1. Only bridges whose two residues both fall in the range 163-236 count here: according to DSSP, what percent of them are antiparallel, nearest 5?
2. So how much accessible area does Glu72 have, in Å² to the nearest 10, using a 1.4 Å probe?
3. Could you quote the convex hull projected area for the range 203-309, Cα atoms only and averaged over all directions, in nm²?
4. Among rounded, prolate and oblate, which fits the range 1-130 when a ≥ b ≥ c are the square roots of the eigenvalues of its C-alpha gyration tensor, a/c under 1.5 means rounded, and a/b larger than b/c means prolate?
5. By DSSP, what percent of the beta bridges with both residues in the chain are antiparallel, rounded to the nearest 5?
6. Once ligands and nucleic acids are excluded and a 1.4 Å probe is used, how much of Lys45 is accessible, expressed in Å² to the nearest 10?
7. Modelled label-to-label distance, Ala245 and Lys285, 7 Å Cα→beta-carbon offset: nm?
8. Using a simple spin-label model with points 7 Å from Cα along the Cα→Cβ vector, what separation in nm is obtained for Ile89 and Arg26?
Amino acid sequence: MPKNIYELIIIGGGPAGITAGIYGARYRLKTLIITKDFGGQIAKKAVPIENYPGFKGISGIKLIQKFKEHLENFKIDTEIDSVVKIEKINGNFKVSTENGKKIESKVVIIASGLDPRPLKVPGEKEFIGRGVSYCTACDAPLFKDKTVAVIGGGNAGFEAAIALSRWVKKIYILEYGERVVADIQNQELAQKTGKVEIITSAALKEIRGKNFVNSIIYQDRKTSENKELKVEGIFVEIGSQPASAFAKDLVEFNERGEIKVDFETFQTKTPGLFAAGDVNIGKYKQIITAAGEGAKAALAAYEFIKKSK
Ligand SMILES: Cc1cc2nc3c(=O)[nH]c(=O)nc-3n(C[C@H](O)[C@H](O)[C@H](O)COP(=O)(O)OP(=O)(O)OC[C@H]3O[C@@H](n4cnc5c(N)ncnc54)[C@H](O)[C@@H]3O)c2cc1C
């Protein structure tokens, strides 16, 4: 094997990717993890994790630190970068990144999970990092004593509001539907903070500001009237979408853009290309299932490499 070719490239540094990395290293595969960040969705979780065995009530950031420390016990290469394309050339995979790198490997595990679903309204892109946030756990302290809006009245929106209440003065939760859909426990916890005002039937239209956000415009869907709310922060909690577009030439998607795999090996329709964790069509998307799939995909990748030698 030429020196500059990896045996295994893993795309993603969440629970699935880190676990695949640990297994790849334990099986002595020449492994590279390419990821936009180490953490993925759980690093953004605002309230403690209660269902990962062995770690009762741990914060997402702490849990992922533990995963990463474990990975660092092994010798594998890592690159902080974003994958933009995967191709198959002369029997190997060529992975291209945003920073212009082209790296080859025998097999690839896609573990790129889910990205937050964007609002797609004027002002959103312009004010990212200047009032618009997709990560309450990361950004809440920046909004101390301010008034903010959480867009989305599901569990994620309410959990974000509960976490924000430690820092901010007031929180509007905007929900598109006629009623919020969060669990009753989350609704009660949010109301107990005394800082939350819920606005239903609200369609966000625009984010306004100068250097930073200073208001949002939403349409009251009952009256069709446009209304303005003075807010200095917007936390987007309207769900997520698979981070899978870079693989489009080599995999098959379902209607949601999730990658189809065979659940015995987590292989996609392209031999040697695997997909583990939230990015695939698996129904139950959790930390433990993502980690388990990362392990299984790495074991299948090892067998694939052994057979092809
Ligand atoms: C608000 C919230 C609360 C949650 N609470 C819980 C809970 O309490 N318990 C639980 O079990 N689960 C919970 N989950 C679900 C859990 O976080 C996910 O199931 C799990 O993180 C999936 O892991 P993953 O590795 O498949 O993907 P992700 O965690 O999404 O990680 C994907 C990784 O891929 C990287 N990536 C993406 N695109 C690219 C690219 N193009 N190039 C390079 N890298 C890329 C990302 O940067 C990231 O590092 C929660 C999720 C959310 C959003």
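1. 75
2. Glu72 has an accessible surface of roughly 110 Å² with all protein chains in place.
3. Hull-based average projected area comes out at 10.7 nm².
4. Judged from the Cα gyration tensor, the range 1-130 comes out oblate (a/c at least 1.5, b/c at or above a/b).
5. Here the share of antiparallel DSSP bridges comes out near 45 percent.
6. 70
7. Result: 1.7 nm between the two label points.
8. Going from the Ile89 label point to the Arg26 one covers 3.4 nm.
The values are calculated or read from the model by the stated rules, or taken from the named source; none is laboratory data. All values derive from a computational prediction rather than experimental measurement. Heads up, the Cβs are rebuilt from the backbone with ideal geometry, glycines too, and the neighbour counts pull from every protein chain shown. To get the accessible areas, we keep the full protein, side chains included, count just its heavy atoms, and leave off ligands, DNA and RNA. Shrake-Rupley method; radii C 1.70, N 1.55, O 1.52, S 1.80 Å.
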